[in-house]
Amino acid sequence: MSKPLTDQEKRKQISVRGLAGVENVADLKTNFNRHLHFTLVKDRNVATKRDYYFALAHTVRDHLVGRWIRTQQHYYEKDPKRVYYLSLEFYIGRTLQNTMVNLALENACDEAIYQLGLDMEELQDMEEDAGLGNGGLGRLAACFLDSMATLGLAAYGYGIRYEFGIFNQKIVNGWQAEEADDWLRYGNPWEKARPEYMRPVHFYGRVEHHPDGVKWVDTQVVLALPYDTPVPGYRNNIVNTMRLWSAKAPCEFHLKDFNVGGYIQAVLDKNLAENISRVLYPNDNFFEGKELRLKQEYFVVAATLQDIIRRFKASNSLFHVTHRSVAIQLNDTHPAMAIPELMRILMDDEKLSWDTAWDIIVRTCAYTNHTVLPEALERWPVDLFQNLLPRHLEIIYEINRRHLERISALYPGDHDRLRRMSLIEEDGQKKINMAHLCIVGSHAVNGVAQIHSNIIKDTVFKDFYDVDPQKFQNKTNGITPRRWLVMCNPGLAEVIAERIGEEYIRDLSQLKNLLKFVDDDAFIRDISKVKQESKMKFAMHLEEQYKVTINPHSMFDVHVKRIHEYKRQLLNCLHIITLYNRKSIIIQAAPGYHTAKMIIKLITAIGEVVNNDSVVGDRLKVIFLENYRVTLAEKVIPAADLSEQISTAGTEASGTGNMKFMLNGALTIGTMDGANVEMAEEAGEENFFIFGMRVKDVEALDKKGYDAMEYYNRIPELKQVMDQISGGFFSPGEPDQFKDIVKMLMHHDRFKVFADYEDYIKCQEKVSALYKNTKEWTKMVIHNIAGCGKFSSDRTIAQYAREIWDMEPSLEKIAAPDDPR
């Protein structure tokens with residue numbers, strides 16, 4: 001295998017990733033050595049790679065800080081409307097390389113590090129991923145922050161600084177094992193603690209009603225300590241802020257009678273308060289009503305709203321104009337407590353009337369829905385609220401009373417509608433429906449792909465749409481092309497820039513100009529060459545990290561998803577076994593719950609059989625990539641030939657991994673679900689491998705009744721595959737190991753894997769046939785890349801800004817710190 005170019009070698013040939021030339025090299029080297037000295041490393045001979053990484057990170061951070069300060073001064077002077085993006089997850093990944101790209105420092109840093117005799121990629125590998133998210137929702141939030149800064153919006157991301165992020169996944173004997181992600185153990189050079197903005201957050205206690213107002217008393221207090229991380233826009237000198245809160249116990253101990261045992265216990269009890277920001281909850285498509293999770297959700301909104309109001313009061317005295325200065329976007333229902341908490345502040349602290357406070361909230365808040373799966377929707381037990389947040393429960397009851405009063409006036413006597421639309425669910429244990437709270441308390445509600453937005457209007461939230469159709473919008477998700485093309489695939493970024501220039505990085509719609517090169521043999525060769533280099537590089541990574549040898553000329557068929565039944569990794573498994581039985585490379589990844597762990601075990605068991613079959617050889621390999629995260633995504637996505645987007649139609653809200661693969665030159669095999677529908681529209685359905693039921697077909701099958709046995713008995717290859725799984729072919733030492741999966745597929749499969757099996761296998765045959773014709777395959781790839789313009793998060797954020805936040809994006813640069821004002 002010939003060795004592909006490293007990213008550093010590629011950067012010597014290109015301009016896209018670092019337009020600032022090498023004039024800064026000497027200064028960078030000087031600053032690097034200064035920072036190395038500050039880390040107490042006096043002798044470079046004893047410095048570790050981590051020492052060098054921190055020196056480089058601080059050197060690059062120096063270029064951020066001046067712009068960061070200048071940006072905040074700019075906002076202070078201009079006092080623009082500010083948008084606050086509240087999310088329990090920000091899946092950032094690594095920061096160093098992204099910062100160098102956005103500040104146009106890469107070429108200069110590469111050259112400086114090279115002259116110092118160091119390897120840039122080795123230093124970058126020292127950085128820990130900031131894994132403060134589970135998957136798509138958290139990574140979307142990170143892409144949005146990048147786009148908000150690039151579009152010159154005065155934006156702030158607010159979340160939690162989890163001490164432990166998404167767990168490290170290990171595969172042991174085919175089973176998933178979890179290890180804590182201690183991502184802060186070496187420190188984080190990108191954050192700045194801001195103790196001067198520490199805020200108290202209250203829990204428990206009781207409510208007293210007095211003639212002069214309501215008081216929430218006898219509460220337990222936890223302090224919220226903010227840590228700020230700079231978020232640079234793309235070469236516009238704007239640096240916004242992501243502020244993450246860390247929980248701290250108050251310092252004072254109230255010990256009436258001092259004794260050693262009581263003192264020790266009081267110190268130990270501090271941990272209970274600080275547990276709030278200890279760990280990220282790992283399930284994002286399954287709701288668990290745990291008290292700690294509700295504490296996290298209230299903690300972040302309570303601290304954030306105090307911060308927002310502090311900033312608002314610095315330049316305003318009239319609360320009734322809040323919506324002209326402030327927009328609050330709720331990323332799913334996790335920050336829904338912002339609505340009752342803001343009501344509490346405005347009424348109890350600021351002494352506004354209910355009507356005035358409610359008008360401010362509805363005009364200010366907006367809600368993004370991310371799922372239609374019923375088990376993922378948040379429904380908190382009333383008993384838990386009564387204990388933890390008694391004042392907020394009172395406020396939610398009053399919001400609900402007024403809401404139902406309005407519905408009752410619109411639909412007299414329709415008690416079933418009142419039950420369906422109530423914020424309080426009364427079936428069994430009383431629960432608060434947080435999605436209903438968000439809809440009632442927001443002026444805008446959006447889905448994240450057109451098909452998803454239609455579904456929530458037509459089914460999930462139809463009652464609310466009937467009453468307030470003007471609230472409901474669509475904002476199809478997007479990805480930042482800076483990280484997901486320029487940074488992770490420099491070769492492809494340069495090939496594109498050579499044909500259409502570099503402005504597409506700010507305006508991805510310009511990719512459509514590539515269509516004029518779709519029959520250009522030189523361009524086809526260049527695209528194909530870049531893909532092959534990425535595959536060779538990834539094959540080397542697999543060999544080094546997984547001790548697996550794969551043929552880089554094989555098709556890399558990649559299924560990257562959190563493991564969940566609706567994402568249908570099992571359908572892919574059935575296809576792999578079918579291929580194996582016919583005597584074609586499959587790569588998989590994700591974390592999860594019991595069924596997910598069984599699916600992982602099945603995938604690894606299939607791999608054990610397939611990968612060790614001498615007859616199959618290197619024609620088919622099954623590899624489960626453990627511990628999938630942003631940094632691994634940046635390696636695998638540029639190498640993929642085929643992207644698996646095979647969820648049951650009507651279950652995937654949008655997907656963003658699909659967009660990343662498309663932008664990086666992979667073709668898609670998928671159902672008409674989520675953003676796949678719009679991707680096929682943009683690239684042309686003839687350039688997509690579409691299969692399976694549409695939403696209307698799924699609905700019809702639900703009405704008729706889905707019978708898995710009918711497919712099992714009718715399709716011989718499917719029957720053979722299922723018999724192999726149930727008969728122990730892939731688990732000879734424990735023949736009934738996969739009985740739960742078999743039982744689920746045969747008798748309890750909500751997501752109808754068998755119904756799409758036949759069409760999926762036929763569609764995969766079309767994929768294999770086209771892959772043998774490199775030229776035609778690559779022409780289809782070009783159509784897909786050219787159709788990616790819509791799927792930039794810049795476009796998404798521009799729509800949020802204009803249509804929800806009433807803000808105007810701008811591509812203007814502000815003055816750099818060393819420029820005169």
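The values are calculated or read from the model by the stated rules, or taken from the named source; none is laboratory data. Just so it is clear, the structure is predicted and the values come from calculations on it, not from any experiment. A quick note on method: Cβ atoms are made from the backbone with ideal geometry, for glycine too, and the neighbour counts reach across all protein chains shown. For the accessible areas, the whole protein counts, side chains as well, though only heavy atoms, and no ligand, DNA or RNA atoms are used. Shrake-Rupley method; radii C 1.70, N 1.55, O 1.52, S 1.80 Å.
Some values worked out for this structure:
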{"quantity": "Distance between the range 520-560 and the range 330-390 - C-alpha centres, whole angstrom", "calculated": "48 Å"}
{"quantity": "Extreme residue, positive dipole direction of the chain, given options M100, A327, A708 (C-beta unit charges)", "calculated": "M100"}
{"quantity": "Tail weight of P(r) past 27 Å, computed on alpha-carbon pairs of the range 336-464, percent", "calculated": "18 percent"}
{"quantity": "Hydrodynamic radius (Kirkwood) for the range 542-654, which is based on Cα pairs only, to one decimal in Å", "calculated": "14.6 Å"}
{"quantity": "Overall dimensions of the range 548-788 by Cα: Rg and Dmax, Å", "calculated": "17.1, 50"}
{"quantity": "Summed residue charge, Cβ within 13 Å of A769's Cβ, Lys/Arg positive, Asp/Glu negative", "calculated": "+1"}
{"quantity": "Distance from the range 169-217 to the range 780-803 (C-alpha centre basis), Å", "calculated": "34 Å"}
{"quantity": "Percent of Cα pairs exceeding the 14 Å cut-off, where the set is the range 649-688", "calculated": "38 percent"}
{"quantity": "Shape call, the range 476-541: gyration tensor on alpha carbons, a/c limit 1.5", "calculated": "oblate"}
{"quantity": "Heavy atoms of V207 accessible to a 1.4 Å probe, total area in Å² rounded to 10", "calculated": "40 Å²"}
{"quantity": "Segment E425-Y263, extension gain: residue separation times 0.36 nm, minus the distance between their alpha carbons", "calculated": "53.9 nm"}
{"quantity": "Those trypsin sites (Lys or Arg not before Pro) in the range 412-489 that DSSP places in a loop and that have at most 16 other beta carbons within 10 Å", "calculated": "K430"}
{"quantity": "Among 652-659, 749-756, the order from most to least packed when residues are scored by Cβ within 10 Å on average", "calculated": "652-659, 749-756"}
{"quantity": "Total formal charge among the other residues, if their Cβ is under 13 angstrom from that of T356, Lys/Arg +1 and Asp/Glu -1", "calculated": "-1"}
{"quantity": "Most to least accessible of M722, M347 (protein chains only, probe 1.4 Å)", "calculated": "M347, M722"}
{"quantity": "Cα centroid of the range 658-697 to Cα centroid of the range 701-743, whole Å", "calculated": "28 Å"}
{"quantity": "Phi to ³J(HN,Hα) by Karplus 6.51 cos²θ - 1.76 cosθ + 1.60 over the range 322-335, Hz, x for Gly, Pro", "calculated": "3, 5, 7, 10, 9, 10, 10, 10, 9, 7, 6, 7, 4, x"}
{"quantity": "Helix-derived mean residue ellipticity, 222 nm - over the chain, DSSP H n ≥ 4, -39500 (n - 2.57), to 500", "calculated": "-14000 deg cm²/dmol"}
{"quantity": "Karplus (6.51, -1.76, 1.60) ³J(HN,Hα), θ = phi - 60°, over the range 765-775, in Hz, Gly and Pro reported as x", "calculated": "5, 5, 4, 4, 5, 5, 4, 6, 9, 4, 5"}
{"quantity": "Furthest towards positive pole of dipole, A449, P469, G428, structure part the range 424-479, Cβ charges", "calculated": "A449"}
{"quantity": "Simple spin-label estimate for N275 and R185 in nanometres, 7 Å along Cα-Cβ", "calculated": "2.3 nm"}
{"quantity": "Solution diffusion estimate, µm²/s, Stokes-Einstein, the range 129-476, Kirkwood Rh from C-alpha pairs, 20 °C, viscosity 1.002 mPa s", "calculated": "98 µm²/s"}
{"quantity": "Heavy-atom accessible surface of the range 99-158: percent carbon and sulfur, 1.4 Å", "calculated": "44 percent"}
{"quantity": "Under 5 Å, built H, 5+ apart or other chain: amide partners of V326", "calculated": "R82"}
{"quantity": "Residues with amide H under 5 Å from that of A193, placed H, sequence gap 5 or more", "calculated": "D228"}
{"quantity": "Accessible surface, per residue, of the chain when the full set of protein chains is kept, probe 1.4 Å, Å²", "calculated": "39 Å²"}
{"quantity": "Using θ = phi - 60° and Karplus 6.51 cos²θ - 1.76 cosθ + 1.60, couplings along the range 141-154 (whole Hz; Gly, Pro as x)", "calculated": "4, 5, 4, 4, 4, 4, 6, 4, 5, 5, 8, x, 8, 6"}
{"quantity": "Violating pairs (Cα-Cα greater than 19 angstrom) within the set K537/K635; K215/K351; K248/K351", "calculated": "K248/K351"}
{"quantity": "Distant-in-sequence amide H partners of V560 (H built 1.01 Å from N, under 5 Å)", "calculated": "E644"}
{"quantity": "Relative packing of 24-34, 686-696, which averages over residues the other C-beta atoms within 10 Å, highest first", "calculated": "686-696, 24-34"}
{"quantity": "q = 0.19, 0.22 Å⁻¹: log10 I(q)/I(0) that the Debye formula gives for the range 183-241, counting C-alpha atoms only", "calculated": "-0.84, -0.95"}
{"quantity": "Fraction of antiparallel bridges per DSSP, the range 364-497 only, in percent to nearest 5", "calculated": "45 percent"}
{"quantity": "With every protein chain in place, the range 548-788: carbon and sulfur % of accessible area (1.4 Å)", "calculated": "51 percent"}
{"quantity": "The range 607-710: projected area of the alpha-carbon convex hull, averaged over directions, in nm²", "calculated": "9.3 nm²"}
{"quantity": "Mean Cβ count within 10 Å, highest first, over the residues of peptides 170-180, 777-787, 228-238, 517-527", "calculated": "228-238, 777-787, 517-527, 170-180"}
{"quantity": "Radius of gyration and Dmax over the Cα atoms of the chain, both given in Å", "calculated": "27.2, 86"}
{"quantity": "Share antiparallel - DSSP beta bridges, the chain, percent rounded to 5", "calculated": "45 percent"}
{"quantity": "Residue-count net charge about I646 - beta-carbon cut-off 13 Å; Lys, Arg +1, Asp, Glu -1", "calculated": "-3"}
{"quantity": "Eligible lysines near K597 by straight Cα distance, threshold 21 Å, same-chain separation 8 or greater", "calculated": "K170, K561, K567, K621, K739, K743, K752"}
